[in-house]
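Trainee: Pasting in a structure now, in structure tokens, and then I'll have a few things to ask.
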Amino acid sequence: MTTDMRTTMTLVLAGVVGLCGMMRAQAQPAHARVVEITAKKYEFDARKIEVKAGETLELHLTSLDAKHGFECKDLGVQKVTFEKGKPATVTFTAGKPGTYEFKCASFCGMGHGKMKGEIVVTPR
Ligand SMILES: [Cu+2]
């Protein structure tokens, strides 16, 4: 094998390895930061969740009592419900900077309307 050929092969090999690495990075979802949120009648323990634009959050929703819900339409988070012993997970990537209200999306009693909080998306 000539030196030229060896160099070419090394380059090709490096290219293939590099490509595989890139493909693997694309196949996996962006690294998500986990935020634990606990709900009970009638509040979420996290009133304010801060996130950077473009950052992906994985919300772990746990209820201490009734069936509650979580929804933040303006950020594209559709309604999910969770109850005691049956937590739920929601993953979303924050878009434009701003303040977005989230709320309990499952009627849980007298104070249901007060179960709100905000997600603040800050610029990168
Ligand atoms: Cu509720």
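Residues checked against (1) of a type in the set (Lys, Arg); (2) surrounded by 13 or more Cβ atoms within 10 Å (Cβ to Cβ); (3) in contact (Cβ under 8 Å) with a residue 40 or more places away in the chain:
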{"residue": "Lys79", "(1), (2), (3)": "yes, yes, no"}
{"residue": "Glu83", "(1), (2), (3)": "no, yes, no"}
{"residue": "Val90", "(1), (2), (3)": "no, yes, no"}
{"residue": "Gly95", "(1), (2), (3)": "no, yes, yes"}
{"residue": "Glu101", "(1), (2), (3)": "no, yes, no"}
{"residue": "Gly117", "(1), (2), (3)": "no, yes, yes"}
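Listed here are the residues, each with its yes/no results for (1) touching a Phe, Trp or Tyr at 6+ places or on another chain (Cβ under 9 Å); (2) of a type in the set (A, V, I, L, M, F, W, C); (3) assigned to a strand (DSSP E or B).
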| position | (1), (2), (3) |
| --- | --- |
| Val35 | no, yes, yes |
| Asp65 | no, no, no |
| Asp74 | yes, no, no |
| Gln78 | no, no, yes |
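Trainee: Filtering region 57-98 down to residues that are acidic (Asp, Glu) and under 21 Å from Thr122 (Cα atoms), which residue is nearest to the chain's Cα centre (by Cα)? Quick ask: steps written out before the conclusion?
Mentor: Let us first name the residues in region 57-98 that are acidic (Asp, Glu), namely 58, 65, 71, 74, 83.
Filter once more, keeping what is under 21 Å from Thr122 (Cα atoms): 58, 71, 74.
Numbers: Glu58: 3, Glu71: 13, Asp74: 14 Å.
Per the stated criteria, the residue is Glu58.
Trainee: Show the residue pairs meeting these rules: Cβ distance below 8 Å; 6+ apart or different chains; first residue within region 57-75 and under 18 Å from His31 (Cα atoms); second residue in a strand (DSSP E or B) and within 11 Å of the ligand (Cβ to nearest atom).
Mentor: From region 57-75, the pairs are Leu59/Phe70.
Trainee: Out of the residues in region 61-120 meeting the condition of being among the small types (Gly, Ala, Ser) and more than 15 Å from the ligand (Cβ to nearest atom), tell me which one is farthest from Tyr42 (Cα to Cα).
Mentor: Ranking the qualifying residues of region 61-120, first place goes to Gly95.
Coordinate-derived values only; no laboratory data. Please read these numbers as outputs of a predicted model, since none were measured by experiment. Don't worry about glycine lacking a Cβ; one is built from the backbone with ideal geometry, like all the others, and counts go over all protein chains shown.
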